[in-house]
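Throughout, read-outs are computed from the coordinates displayed, never taken from laboratory work. Just so it is clear, the model here is predicted, and its values are computed rather than measured. Here Cβ is always computed from backbone atoms with ideal geometry, including for glycine, and neighbour counts include all displayed protein chains.
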Amino acid sequence: MFNNQEKFSIKSNKPYYSNTSFTLTQKASRFWIPFDVKLFETLTPLEYLENYCRVSNRRYTIYKRIFDRHKDFEATLNIENLPDALSDVYMETIDMRLITQVINLLDLSLNIRITFAQFRGIAAFSERYFFHISNRSNDIDPQLAKDIMEILDFSSLEWKLTDIKISLILRDILKFL
């Protein structure tokens with residue numbers, strides 16, 4: 001688990017960005033609850049984000065391009081490079097302290113090697129996290145709101161998780177989504 005953001009490297013060379021902007025939205029990804037909620041008893045937060053998240057084609061392309069820029073020769077992302085990769089996703093507009101908060105919330109181990117599928121889920125979750133921080137009011141533009149299927153899937157979450165032995169971290173992530 002990360003406790004000190006000084007362990008993270010911050011790139012000195014700025015990546016090239018096109019003239020497009022990155023708008024935080026809830027519609028760029030879709031999270032869902034597995035049909036058999038008993039699966040939550042064995043899932044880690046990272047496994048959930050890897051397997052129960054779908055992103056739009058545009059976000060997929062962005063995440064893939066950035067993952068490929070930061071991956072190592074084993075086609076995985078070293079945990080120390082994750083903050084820089086997430087910073088690139090947001091075109092360096094998100095404070096590194098907030099990125100560190102997301103990584104800490106996920107309780108990732110220091111020796112983990114992140115695959116693209118995991119990075120995609122982490123990036124999608126971080127976008128939701130930053131969206132909620134920046135849009136605290138209830139006046140959310142309908143174009144940025146969650147997909148109706150996701151809203152229905154997460155409705156009555158507490159009831160769905162009754163008698164399910166789920167990790168506290170994963171429970172917090174699900175409530176946040």
Original post:
Between PHE176 and ASP68, what FRET efficiency comes out of the Förster formula 1/(1 + (r/R0)^6) with R0 = 25 Å and r the beta carbon distance, rounded to 0.05?
Top reply: 0.30
Original post:
How far apart, in nm, are two points set 7 Å out from the Cα along the Cα-to-Cβ line at LEU152 and at LYS27?
Top reply: 1.9
Original post:
Once fully extended, how much extra length lies between ILE164 and PHE35, figured as 0.36 nm per residue of separation less the alpha-carbon to alpha-carbon distance?
Top reply: 45.1 nm
Original post:
Is region 36-158 rounded, prolate or oblate when judged by the Cα gyration tensor, a ≥ b ≥ c being the square roots of its eigenvalues, rounded requiring a/c under 1.5 and prolate requiring a/b larger than b/c?
Top reply: oblate
**OP:** Please count, across region 21-162, the pairs of lysine residues with Cα atoms under 29 Å apart that sit 8 or more places apart or on different chains.
**Re:** 9
Original post:
When you count, for each residue, the other Cβ atoms within 10 Å and take the mean per peptide, how do 65-74, 118-127 rank with the highest first?
Top reply: 118-127, 65-74
Subject >> Separation in nanometres of the label points that stand 7 Å from Cα toward Cβ, at THR61 and ASP95 >> reply: 3.3
